[in-house]
1. Give the residue that is nearest to residue 98 (Cα to Cα), with candidates limited to residues of region 20-46 that are open to solvent by 80 Å² or more (accessible area, probe 1.4 Å) and without any contact (Cβ under 8 Å) to a residue 12 or more places away in the chain.
2. Are any residues in region 142-174 in a helix (DSSP H, G or I) and modelled with pLDDT of 85 or more, and if so, which ones?
3. Against the definition (over 25 Å from residue 53 (Cβ atoms), of a type in the set (Gly, Ala, Ser) and at pLDDT 90 or above), how does residue 139 come out, yes or no?
4. Suppose we filter region 129-149 for residues that are surrounded by fewer than 19 Cβ atoms within 10 Å (Cβ to Cβ) and touching a residue at least 12 places away in the same chain (Cβ under 8 Å); how many remain?
Amino acid sequence: RDTLDGYRQALKFIPFNANTPKVMALFEKMRKNKTILDATLWVYNRQGRPANELQHASKVTGLAHQAGVMIGAGTDGLNHDNGYVSNIHEELALLTQAGLSPLEALKAATIHNAIGLGQENSIGTVEQGKVANLVVLGADPLVDIANTRSVETVIKRGKPHVGYSSTWFNPQKK
């Protein structure tokens, strides 16, 4: 643990931009190796975390994306701090703030994560022969990524599930 904390402290003093040769080389290796950067930006947006952590993580994510590194949407859990709001919606919004388009953020949460799991042949896109895991939305997330909260129906492994609604994903509607 002490080694990890020391490493994190040392990282704060490394100049990190797209023109740094070591950063460029790292992103190039990641791109060539099809390494997925699991951004998990929402964890840096928690109360009590220094604001510069989210800024740094967003910058790294944006630079990696610009360099062609595949980005995955990380959630590290199914529930938000308040116990009932899925954090994937916050992660998608933060990915767009880091420079991904809404479509690229949705790909990060679907096909890129399926590739990361080695399951791209069975999940991650809606295609014949794949497991049907999807949500039906009431508004277009390509217009506004916040529209991922307009959940009408959740389909998991081909079966509709009740009990999920826009209010479950968007506490402002309660």
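The values are calculated or read from the model by the stated rules, or taken from the named source; none is laboratory data. Predicted, not measured: the structure shown is a model, and the values here were computed from it. Quick reminder, even Gly has a Cβ in these numbers, built from the backbone with ideal geometry, and neighbours come from all protein chains shown. The area values use the complete protein model at the heavy-atom level, side chains included, leaving out ligands, DNA and RNA. Shrake-Rupley method; radii C 1.70, N 1.55, O 1.52, S 1.80 Å.
1. 26
2. Scanning region 142-174 gives 145, 146, 147, 148, 149.
3. Yes.
4. 12
Residue-by-condition table, conditions (1) open to solvent by 50 Å² or more (accessible area, probe 1.4 Å); (2) modelled with pLDDT of 95 or more; (3) of a type in the set (S, T, N, Q); (4) in contact with a Pro (Cβ under 9 Å, 6 or more places away or on another chain):
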| residue | (1), (2), (3), (4) |
| --- | --- |
| 58 | no, no, yes, no |
| 77 | no, no, no, no |
| 105 | no, yes, no, yes |
| 117 | yes, no, no, no |
| 124 | no, no, no, no |
| 127 | yes, no, no, no |
